[in-house]
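Data block below; observations after.
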Amino acid sequence: RARNAGAAATSAPVVAFIYDDCVPDPGWATAFLRAFERNPALGVVQGLTLRPPDPLGPWTLYREITWQTPWLEGCNIAYRRDLLVGTGGFDE
């Protein structure tokens with residue numbers, strides 16, 4: 001629900017989402033924008049997500065995303081806003 005509200009509240013052509021326990025690189029948003037500029041046919045771009053630094057606790061769970069996956073993990077992702085809103089957004 002919050003992601004849909006955020007996408008609807010802006011007129012920016014691209015909206016990006018990152019989980020609160022992820023730490024973006026300084027060029028995070030720029031990398032998404034460049035990917036969309038390079039390929040106007042893209043509707044969604046999945047960001048690179050690496051293993052957190054040590055030490056990991058005994059209950060730490062993480063997913064490392066270093067290549068294309070079929071799941072489009074929401075921890076680090078960007079969408080063309082018009083397509084996201086136009087398709088009804090996230091399932092609430």
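The values are calculated or read from the model by the stated rules, or taken from the named source; none is laboratory data. What you see is a predicted model, and the numbers here were worked out from it, not measured in a lab. Heads up, the Cβs are rebuilt from the backbone with ideal geometry, glycines too, and the neighbour counts pull from every protein chain shown. Heavy atoms of the whole protein, side chains included, go into the accessibility calculation; ligands, DNA and RNA do not. Shrake-Rupley method; radii C 1.70, N 1.55, O 1.52, S 1.80 Å.
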(request) Provide the gained length on full extension for the span PHE90 to ALA12, in nm with one decimal, where the gain is 0.36 nm per separating residue minus the Cα-Cα distance. (result) 26.3 nm
(message) In Å², and per residue, what accessible area does the chain have when probed at 1.4 Å with the other protein chains present?
(response) 75 Å²
(message) Between ALA29, ALA12, ALA41, where does the largest GNM mean-square fluctuation fall for the chain, given springs only between Cα atoms within less than 10 Å?
(response) ALA41
(message) Quick check: net charge around GLY47, other residues with Cβ under 13 Å of its Cβ, Lys/Arg +1 and Asp/Glu -1?
(response) -1
(message) Can you give me the distance in nm between label points at ALA41 and ARG3, each placed 7 Å from the Cα along the Cα-to-Cβ direction?
(response) 2.4 nm
(message) Counting only trypsin sites (Lys or Arg not before Pro) that sit in a DSSP loop (anything but H, G, I, E, B) with at most 12 other Cβ atoms within 10 Å, what is the longest stretch of the chain containing none of them?
(response) 2-62
(request) Using Cα pairs closer than 8 Å and at least 6 residues apart in sequence, work out the relative contact order for the chain, in percent. (result) 45 percent
(request) Please express the Cα-Cα pair-distance distribution P(r) of the chain as a list of whole percents, one per 5 Å bin, running from 0 to the bin with the greatest distance. (result) 2, 12, 23, 24, 19, 11, 5, 3, 1
(request) Could you tally the net charge around ALA9, taking each other residue with its Cβ under 12 Å from the Cβ of ALA9, Lys/Arg +1 and Asp/Glu -1? (result) +2
(message) Normalised radius of gyration for region 2-50, please: alpha carbon Rg relative to 2.2 N^0.38 Å, two decimal places.
(response) 1.20
(message) Within the chain, what whole-number % of the accessible surface is contributed by carbon and sulfur, with the 1.4 Å probe and all protein chains included in the calculation?
(response) 58 percent
